[in-house]
Amino acid sequence: MSGLFAGSPLERPIICERCGQSHAACACPRGRDGKVLDPKNQPVRVRRERRGGKMVTVVSGLAPRSDRTDELPQLLKSLKARVGAGGSLSQDGLELQGDHRDMLVEHFKKLGYPAKAAGG
Ligand SMILES: [Zn+2]
């Protein structure tokens, strides 16, 4: 007899390797290949840009948002509190008002991201 458990409730559910939830309940960030993106697999780049005379700090390289992944708004919230400035989600990832590049690089490194400063 083969496939004893196939189709039965004993069939093993597919479990996310990161959070231990079933895939239906999992909200971990995933890349295009469907693999979970841990912080160590998200090469964060932090750069400064001038926007109409004001500096903003742009963070790119974070896992993209998707219908199952929504970590960026939470991350933005914690970063805004950390730097004490406003910010928003952007096409690149997120950006914060003012120059916080070096501080954010250190912060992301502590969180386990291979973060680097980029640009000027
Ligand atoms: Zn997960």
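The values are calculated or read from the model by the stated rules, or taken from the named source; none is laboratory data. Since the structure is predicted, the reported quantities are computational estimates derived from the model, not experimental observations. Cβ: placed from backbone, ideal geometry, glycine included. Neighbour counts: every protein chain shown. Side chains included, ligands, DNA and RNA excluded: accessible areas come from the protein's heavy atoms. Shrake-Rupley method; radii C 1.70, N 1.55, O 1.52, S 1.80 Å.
A few notes on this one:
- Projecting the Cα atoms of 41, 24, 53 onto the dipole axis of the chain, where Lys and Arg carry +1 and Asp and Glu carry -1 at the beta carbon, places 53 farthest toward the positive end.
- Modelled spin-label separation between residue 102 and residue 25, with each label point placed 7 Å from Cα along the Cα-to-Cβ direction: 4.5 nm.
- Taking every C-alpha pair closer than 8 Å and separated by at least 6 residues, the mean separation divided by the residue count of the range 18-120 gives a relative contact order of 33 percent.
- Direction-averaged projected area, Cα convex hull, the chain: 9.3 nm², rounded to one decimal.
- Nearest 10 degrees, 0 to 90: helix 101-110 Cα axis against the chain principal axis: 30 degrees
- Cβ charges +1 (Lys, Arg) and -1 (Asp, Glu), total dipole of the chain, debye: 440 debye
- Considering only 73, 114, 91, the residue lying farthest towards the positive end of the dipole of the range 43-120 is 114, judged by Cα position with unit charges set on Cβ.
- Here's the list of lysines a cross-link from residue 54 could span, going by alpha-carbon distance under 28 Å and ignoring same-chain residues fewer than 8 apart: 77, 80, 109, 110, 116.
- Nitroxide proxy distance, nm - points 7 Å out along Cα→Cβ at residue 50 and residue 91: 2.1 nm
- Taking a sphere under 11 Å around the Cβ of residue 48 and counting the other residues whose Cβ falls inside, with K and R at +1 and D and E at -1, yields a net charge of +1.
- Span from the the range 42-117 Cα centroid across to the the range 13-34 one, whole angstrom: 24 Å
- Dipole magnitude of the range 40-99 about its Cα centre (Cβ charges: Lys, Arg +1; Asp, Glu -1), debye to nearest 20: 200 debye
- 222 nm mean residue ellipticity, helices alone, for the chain (DSSP H n ≥ 4; -39,500 (n - 2.57); rounded to 500): -5500 deg cm²/dmol
- Both numbers refer to the Cα atoms of the range 43-100; Rg and Dmax are 11.2, 37 Å.
- The residues of the chain have, on average, 65 Å² of accessible surface per residue, using a 1.4 Å probe with all protein chains present.
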